[in-house]
Every structure is written in structure tokens, then in C-alpha cells.
């Protein structure tokens, strides 16, 4: 079974047609980047995968759960599919350590000592072991985002969704976050990344999806080929705008 | 004024006791009710929101005196006999709960929606996220307006005087009527209210400062 399967998915906000006839399959271990102009439905698409947005029609299977089925418990999907947000969304009232351990303790009901040890290992991996007792407000954007990644990893998810993880960061912070993401990708994590970091898409992505106006216009396994010769006119326009600014 | 205070100390302090009692009960009651209706106002089901909203709008737009009279006059006619203290305290609780609900609702809604999404995205349920993430942040925000509500509540407890609730205001009225020393009596009553509200005011400021740093 594939990790994520969209079949003929439509999404409306009232009359606004946000996602149009989405068909997309993502295999386990794949790193898929989604690019496109703003308002093209990238984030909406991503947010349907862990049920933060409901689809209007079609079929969406994530880790063998049917998300179109109203009886499906969304919390079970979210346990298995992590999410990293543009604005980090760390819990402002909890320390860095507690941010990471809250999910494993409350949702997975795991042992506290064990969870904390793993949390320190994760913080070590993202280079923030000495920040464990601080609060999110005391950290820089890049540090917060690395904590957010550690928080989603602590749940040992089957996949992680990244919603423009570096868009809110100062330029000099971006590299550290992308390095952490690359490390995770190398370890075989299934990742869906909405991003404007074309370098990351090229280096790390196994596949690239180009969206515009709620549609998937291109879905290319040859990432470098896509950047060098995009087929769709909208993609050509987008790429040339990004590369020539 | 001091003559009044000393000569009528027992009545005044008994009144103060009733005022404190009614205020304390109403404070706890309205905080519980207010939190409940605040949660309903932002609830996940439409009809729950409608009920929460309707309660708040109806209650906060009726004068406190009318609500209290309702419990003192109408409830005994149909349901059960209640004394003035009970009717007054219930009226005060219901009335204040609508304002507290609005205060808490706005506090919860001023916590960034990303906090809820962050919590839901790791699989916490709505109520777990509310309890562990949203509420602790909202509390800090609502402490100052909540303090206003609590102080208003203590002062509004003078409504008990209208339904024979034996509170401070009620005793003041009786003393003023028997001594004809209206000025001094109400001065003493005012002073006794201050003795209750000032520490409350400072307590809220203390909590505000204490929780700001965390």
C-alpha cells in the first residue's frame, strides 16, 4: 500500500474551488516537494493529508486510513503523520523539552523517563540540546523550527508534512533547518514539503509537484529535468520568475 | 462615621459577612458557569454555539435587578421557596457568568490558532489541546479583565439589599433609616466595601505580574 493516495479529490471553501481533481500517490520513503505560486492550493493539499482540512469529495488514503470517511478518527492519523508549520506553532506555555514530550506522553501514553531521553537525543540531533529548559519565545526562528521538527519526530511518525518550513525565517537561519530536513530524508522518512527553496527541491526531493489554481499541472520524478525544461507554460513562467529575480 | 461604625458594628459586620459569602459563592459559581458557556460559544457543534451565544446575549442584556427579582419573585411562585440571600446570590452568579463567559471567550480566541493546530497535529484531542495548551495561555490574558469582573461582582452584591439578603448594603439601609445619619452610615458602608475590593484588586494585579513572567 502506498503511504498517501489522492483519488479525484476536490475541495471547496463555500464556492471557492481550492483543490481540483487531485490525483497523487506518494510511496513510503519518498520525498516529494510541492511548489507553485501562492494561492495555488499547496498548503491546502498538505493540510488535507492529516485532516486539518477536510476534502469535499474523492478518496484520500493516508497510511491505510480513509480520510473521506467521517468515522475515521483523525487523531489516529495525526499520531502517524507529523506536521511542521511555517510559524512553528510551538506551545508557548511549555518548555522546549515539554513541547517535544507532550505528544508521546499524552497521545502515545509512553513512559516519561524513556520519552525524555529520546527527546534529548532528538534535541542533540537538531543541535539544541542545551536549550531544553527554555521557552519557545527565547529561541530564534531557526531554532524554533528545528524544535518543531524534533517535536514531530518524537511521535515516530510514518510521514512528516512540511508547510513552508523556512518561509518565516531570516536567510541565515534557513540552512540549519534544511540540513536537518536533509538528514531526516536520508534516514528514509516519507516527506511532503511545500517550499520555495528550489535548491532543496533539487538536492533532496525525489519528485516535484507543480501546482497552480488548485490543480496539479506537473508531477515529475526527474527533478533536475523539471527545473531545466518544465513542460507546462505556467511552470515555465514560475521557474523563470524564481530563478531570474 | 466612627460612632456609626462602633455603635452598629455587629449589624455591619454581619452584613459584611453576608456580602463576602454571596460574593464568594457567586465568584466561584460564575467562574464555573462562565467557563462552561465560553467553551460552548466556541464549541464544535453549531447548536452548542447557538445556546452559548443566546445565554450570554440574553443574560448580559437584562439588568441585574430584574434577574434577581426574577429569582426572588417568580421562582417561588412556580418552583420552590427561596430566601433573599439565595435569590440574590443566584441572580448575581447568573448575571456575572455572562460577562465572565465573554471575557474568557475573547481570551481563548486571542490565543493564536496555530497553538491549537500545533497541538492537534501531534494527535491531541480538542479538549486535551484546550486544557493543556490554550487555557493556560488564555488565563494570563484574561486575568486583568477578570479582575474587573470580580470587583464588579463584589460591588453588585449590594443587589441583595433589594431582596432582603442581609448584606452590607441592606444593613446600611436599616441603620440609616433608624439613625437618620445617612451620610455617615453610607460612608462606613463604602469603607467596608473598600476593605473587600482593594485586596481583591491587589490580588489580581499580583497574579497578573506573577503569571506574566512564566
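Select from the stretch A:156-181 the residues that are in contact (Cβ under 8 Å) with a residue 60 or more places away in the chain and under 15 Å from residue A:85 (Cβ atoms) and list them in ascending order.
Step one: list which residues in the stretch A:156-181 are in contact (Cβ under 8 Å) with a residue 60 or more places away in the chain, which gives A:157-165, A:167-168.
Across the stretch A:156-181, the qualifying residues are A:157, A:160, A:161, A:162, A:163, A:164, A:165, A:167, A:168.
What is the number of the single condition among (1) crowded, with 20+ Cβ neighbours inside 10 Å; (2) within 14 Å of another protein chain (Cβ to nearest Cβ); (3) out of contact with any strand residue (DSSP E or B) (no Cβ under 8 Å at 6 or more places or on another chain) that residue B:122 does not meet?
Checking residue B:122 against (1) crowded, with 20+ Cβ neighbours inside 10 Å; (2) within 14 Å of another protein chain (Cβ to nearest Cβ); (3) out of contact with any strand residue (DSSP E or B) (no Cβ under 8 Å at 6 or more places or on another chain), the one that fails is (3).
Having 1 or more residues that are within 10 Å of another protein chain (Cβ to nearest Cβ) is the bar; report the helices (runs of 4 or more DSSP H) wholly within the stretch A:82-186 that clear it.
A:96-106, A:141-154
Somewhere in the stretch A:78-101, is a residue out of contact with any helix residue (DSSP H, G or I) (no Cβ under 7 Å at 6 or more places or on another chain) and closer than 16 Å to residue B:125 by Cβ? Please lay out each step first, then the result.
From the stretch A:78-101, those out of contact with any helix residue (DSSP H, G or I) (no Cβ under 7 Å at 6 or more places or on another chain) are A:79-80, A:86, A:95, A:98; that's our starting set.
Those left that are additionally closer than 16 Å to residue B:125 by Cβ: A:79-80.
Yes, the stretch A:78-101 contains at least one residue that is out of contact with any helix residue (DSSP H, G or I) (no Cβ under 7 Å at 6 or more places or on another chain) and closer than 16 Å to residue B:125 by Cβ.
For the stretch A:44-53, what are the residues that are surrounded by fewer than 22 Cβ atoms within 10 Å (Cβ to Cβ) and touching a helix residue (DSSP H, G or I) at 6+ places or on another chain (Cβ under 7 Å)?
Across the stretch A:44-53, the qualifying residues are A:52, A:53.
Can you name every residue in the stretch B:159-214 that is part of a loop (DSSP other than H, G, I, E, B) and in contact with a helix residue (DSSP H, G or I) (Cβ under 9 Å, 6 or more places away or on another chain)?
Once the filter is applied, which keeps residues that are part of a loop (DSSP other than H, G, I, E, B) and in contact with a helix residue (DSSP H, G or I) (Cβ under 9 Å, 6 or more places away or on another chain), the stretch B:159-214 yields B:164, B:165, B:166, B:167, B:181, B:214.
Select from the stretch B:108-119 the residues that are out of contact with any helix residue (DSSP H, G or I) (no Cβ under 6 Å at 6 or more places or on another chain) and more than 7 Å from chain A (Cβ to nearest Cβ) and list them in ascending order. Quick ask: steps written out before the conclusion?
If we filter the stretch B:108-119 for residues that are out of contact with any helix residue (DSSP H, G or I) (no Cβ under 6 Å at 6 or more places or on another chain), which is where we start, we get B:109, B:112-114, B:117-118.
Hits for the stretch B:108-119 are B:109, B:112, B:113.
On the basis of being modelled with pLDDT under 95 and either surrounded by 22 or more Cβ atoms within 10 Å (Cβ to Cβ) or in contact with a helix residue (DSSP H, G or I) (Cβ under 9 Å, 6 or more places away or on another chain) (or both), does residue A:115 make the cut?
Criteria not met by residue A:115.
Given the options B:104, B:134, name the one that is closer than 30 Å to residue A:89 by Cβ, within 14 Å of chain A (Cβ to nearest Cβ) and either outside any helix (DSSP H, G or I) or modelled with pLDDT of 90 or more (or both). First the steps, then the outcome.
Details: B:104 fails: within 14 Å of chain A (Cβ to nearest Cβ).
From the options B:104, B:134, the qualifying one is B:134.
Do any helices (runs of 4 or more DSSP H) lying entirely in the stretch B:1-87 carry at least 1 residues that are under 30 Å from residue B:139 (Cβ atoms), and which ones are they? Talk me through it step by step, then tell me what you get.
Details: elements: B:2-7, B:9-41, B:46-60, B:64-69, B:75-78.
Per the criteria, B:9-41, B:46-60, B:64-69.
How many residues does the stretch A:37-81 contain that are under 21 Å from residue A:1 (Cβ atoms), in a loop (DSSP other than H, G, I, E, B) and facing chain B (nearest Cβ under 9 Å)?
Of the residues in the stretch A:37-81, 2 are under 21 Å from residue A:1 (Cβ atoms), in a loop (DSSP other than H, G, I, E, B) and facing chain B (nearest Cβ under 9 Å).
The values are calculated or read from the model by the stated rules, or taken from the named source; none is laboratory data. All values reported here derive from a predicted model rather than from experimental measurement. Positions of Cβ are backbone-derived with ideal geometry, glycine not excepted, and every protein chain shown enters the neighbour counts.
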